[in-house]
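So the structure is just underneath, and the comments pick up after that.
The values are calculated or read from the model by the stated rules, or taken from the named source; none is laboratory data. Just so it is clear, the model here is predicted, and its values are computed rather than measured. All Cβ positions, even for glycine, are placed from backbone atoms using ideal geometry, and neighbour counts span all protein chains on display. With ligands, DNA and RNA removed, areas are computed over all heavy atoms of the protein, side chains included. Shrake-Rupley method; radii C 1.70, N 1.55, O 1.52, S 1.80 Å.
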Amino acid sequence: QLQASGGGLVQAGGSLRLSCAASGRSFSGYVMGWFRQAPGKEREWITTISRSGGSTYYADSVKGRFTVSRDNAKNTVYLQMNSLKPEDTAVYYCAAAISLVPGPQAATTMGYWGKGTLVTVSS
């Protein structure tokens, strides 16, 4: 089970850190990803992190502004979001997968999803 938290309202240029806590003992065996879905749009892949945290991949839209990390001892994955823009407004979801794709990861490859957390960036 995955539970995302940390969303909220922030002004453009601000920062937020999302967390996703996983229950169970096998967290380190999963690739973790973050996706987002803006109103009226399809779910969009943002980033993926490998099991060890040694490899990370980002969508061009967030590269250089967002940073994904994980703490396997705490069964938690994080998404640090800096320089937020109004177009980052969306519901953000964390997800887990067995296999890592070295690049954009399709939502269909993610086997487990958490409930989303809403991020609203005001201009």
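Determine whether S83 is under 24 Å from S15 (Cβ atoms), in a loop (DSSP other than H, G, I, E, B) and modelled with pLDDT of 95 or more.
When the stated conditions are applied, S83 passes them.
Report, by residue number, each residue of region 17-43 that is hydrophobic (A, V, I, L, M, F, W, C) and touching a Gly at 6+ places or on another chain (Cβ under 7 Å).
Residues satisfying the conditions are L18, C20.
If you scan region 72-106, which residues turn out to be of a type in the set (G, A, S) and either out of contact with any strand residue (DSSP E or B) (no Cβ under 6 Å at 6 or more places or on another chain) or within 19 Å of S52 (Cβ to Cβ) (or both)?
Those that are of a type in the set (G, A, S) and either out of contact with any strand residue (DSSP E or B) (no Cβ under 6 Å at 6 or more places or on another chain) or within 19 Å of S52 (Cβ to Cβ) (or both): A73, S83, A95, A96, A97, S99, G103, A106.
Looking only at region 43-52, filter to residues that are outside any strand (DSSP E or B) and under 14 Å from the mean Cα position of the chain (by Cα); which one of those is surrounded by the most Cβ atoms within 10 Å (Cβ to Cβ)?
Filtering region 43-52 for residues that are outside any strand (DSSP E or B) and under 14 Å from the mean Cα position of the chain (by Cα), the one surrounded by the most Cβ atoms within 10 Å (Cβ to Cβ) comes out as R43.
Residues of region 45-74 being more than 11 Å from P102 (Cα to Cα) and small (G, A, S), which ones?
S52, G53, G54, A59, S61, G64, S69, A73
Scanning region 28-42 for residues that are hydrophobic (A, V, I, L, M, F, W, C) and either under 19 Å from L84 (Cα atoms) or open to solvent by 10 Å² or more (accessible area, probe 1.4 Å) (or both), which turns out nearest to the chain's Cα centre (by Cα)?
Ranking the candidates gives W34 first.
Can you name the residue in region 5-30 that is in a loop (DSSP other than H, G, I, E, B) and farther than 18 Å from V121 by Cβ and is also modelled with the lowest pLDDT among such residues?
R25
Looking only at region 53-99, how many residues end up being hydrophobic (A, V, I, L, M, F, W, C) and open to solvent by 60 Å² or more (accessible area, probe 1.4 Å)?
2
Name the residues in region 108-117 that are open to solvent by 40 Å² or more (accessible area, probe 1.4 Å) and touching a residue at least 40 places away in the same chain (Cβ under 8 Å), would you?
Y112, W113, K115
Confirm whether T120 is out of contact with any Phe, Trp or Tyr (no Cβ under 7 Å at 6 or more places or on another chain), closer than 29 Å to Q11 by Cα and touching a residue at least 60 places away in the same chain (Cβ under 8 Å).
yes
Quick check on my filter: what residues within region 53-76 are part of a strand (DSSP E or B) and of a type in the set (K, R)?
R70
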